[in-house]
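Okay, structure first, notes after.
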Amino acid sequence: MSIVRGEQGRLELGGIELAAVVRDTGVGTPAYVYDLTGIVAEAEALHRAFGGASHLVAYAVKANSAGPVIRALRRAGCGADVVSGAELALALECGVASDAILFSGVAKLDRELDAAIAAGPEGIGAIQIESVEEIVRVSARARAASRRARVSLRVNPAASLEALATHAHIATGHDDAKFGIAKADFSHALALVAASPDLELTGLSTHVGSQFTSTQAYIAAARTLFHLVAEVRPTYGSALRFVDTGGGFGVDYGTGCRVSPSDFVSEALAVQRSFGLDDLALYVEPGRALVAAHGVLVASVVQEKSTPHGAASGARRRWLMIDAGMNDLLRPALYQARHRIEAIDPVSGPMATSASWQVVGPVCESADDFGVHELPAAAPRLVAIRDAGAYGYTMASRYNGRALAAEVFVEAGRVVASRARALDAAWVRDRADLGVVDP
Ligand code: LLP
């Protein structure tokens with residue numbers, strides 16, 4: 001558990017008091033604080049779930065693309081799943097071996113494909129092809145580079161949206177989604193890849209969605225994938241090295257999560273064995289499960305507000321207005337996601353009585369609302385929005401002229417890296433200078 005309330009009642013992340021982190025680094029709020037030790041422990045637990053089986057944990061960089069996080073996970077034996085040329089360059093820059101990089105995405109640019117093909121001695125581990133149309137494009141780019149591109153086909157197991165049992169915006173493995181190759185088109189895709197001397201089919205993959213809190217949909221998709229692999233292997237499988245069942249392992253945002261990341265892996269491994277495919281490595285692409293619980297967004301309380309509320313006379317709503325908004329953490333506005341919010345200062349003594357607060361940010365949108373939370377009745381000074389290590393900073397924007405949040409990295413209870421919140425002046429300069437022609 002990365003986040004705990006210490007003996008003095010102060011909230012701690014990774015063994016260090018959050019109030020002290022923000023005060024001593026002087027980075028300002030809002031600030032994301034991450035515990036690298038907790039992140040590495042997640043990766044180590046996941047590796048253990050594979051037992052001795054050959055595998056790759058390809059960390060989905062989109063969840064948290066901070067260099068210290070990618071480097072820590074690389075040292076813990078992870079590869080990377082990237083979705084853009086920039087993420088590819090970042091993973092390489094952080095020392096991830098080209099062989100251990102997978103490149104997913106539905107609309108990769110030619111220059112991004114070129115970079116993937118040119119990386120390392122043999123290109124990246126696999127370009128994950130997401131459409132029949134993409135096969136021709138990757139093949140042409142490989143020919144132009146006089147290299148064979150290692151590819152995998154990402155197949156859609158034709159799951160229904162209901163069966164995927166997650167928020168519609170983060171379910172991908174159904175046939176109305178833009179992702180992956182439909183099962184019905186799979187044999188055509190295979191034949192095309194096999195006919196191209198410029199492509200080497202090293203893997204077959206799937207990824208059906210995110211934030212699964214049971215293994216059911218994930219394993220159903222894995223089963224469909226393994227079934228296809230077993231079927232096509234005799235004809236097309238001479239170069240096959242891996243099967244990839246994707247990411248999507250859920251985390252506990254406060255309402256529980258019945259399964260751990262290891263459960264997804266051990267169940268997938270068992271099904272893989274039952275299809276006689278255990279000579280192939282099992283690849284997974286977790287993002288959220290490695291980082292979410294080990295990051296918080298620290299915000300300062302700016303002011304309170306009280307407004308009349310409901311039919312009962314005298315009833316009031318209490319608003320807690322903080323300096324973090326939907327531009328810093330988009331998940332509540334975009335997916336109606338709920339993140340636990342806690343006071344950072346001790347909740348003892350006068351702070352022990354709690355009240356219901358409607359916690360909102362400063363952005364001029366009604367959706368800039370983190371929901372109702374039980375917090376000390378006397379407004380706290382600083383709060384922590386929990387489980388913000390995944391899809392927090394990476395989805396941030398500068399809407400309303402707001403600077404991006406600060407970031408602080410903690411390892412073994414010490415701050416090892418930090419970057420202050422950008423200055424408003426930098427944004428003003430950037431916008432004002434547009435259209436100013438250099439003399
Ligand atoms: N692999 C592929 C091909 C993906 O598209 C994704 C996530 C992952 C792996 C990692 O999934 P994870 O293990 O993190 O669930 N912004 C949303 C999540 C979007 C996920 C997009 N794809 C959120 O904040 O919930």
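The values are calculated or read from the model by the stated rules, or taken from the named source; none is laboratory data. Note that the structure is predicted; figures quoted are calculated from it, not measured. Cβ: placed from backbone, ideal geometry, glycine included. Neighbour counts: every protein chain shown.
Of all the strands (runs of 3 or more DSSP E) wholly in the range 370-428, which have at least 1 residues that are without any contact (Cβ under 8 Å) to a residue 24 or more places away in the chain, within 28 Å of residue 84 (Cα to Cα) and not assigned by TED's automatic domain parsing to the domain that holds residue 84?
Per the criteria, no element qualifies.
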Across (1) assigned to a helix (DSSP H, G or I); (2) within 16 Å of the ligand (Cβ to nearest atom); (3) among the aliphatic types (A, V, I, L, M); (4) surrounded by fewer than 24 Cβ atoms within 10 Å (Cβ to Cβ), residue 337 clears everything bar (1)
Residue check, residue 226 against (1) without any contact (Cβ under 8 Å) to a residue 60 or more places away in the chain; (2) buried (at least 23 other Cβ atoms within 10 Å of the Cβ); (3) within 14 Å of the ligand (Cβ to nearest atom), all met but one. Which one? (3)
Set 282, 269, 290, 329: member being away from the ligand (no atom under 16 Å from the Cβ) and either touching a strand residue (DSSP E or B) at 6+ places or on another chain (Cβ under 9 Å) or at pLDDT below 95 (or both): 269
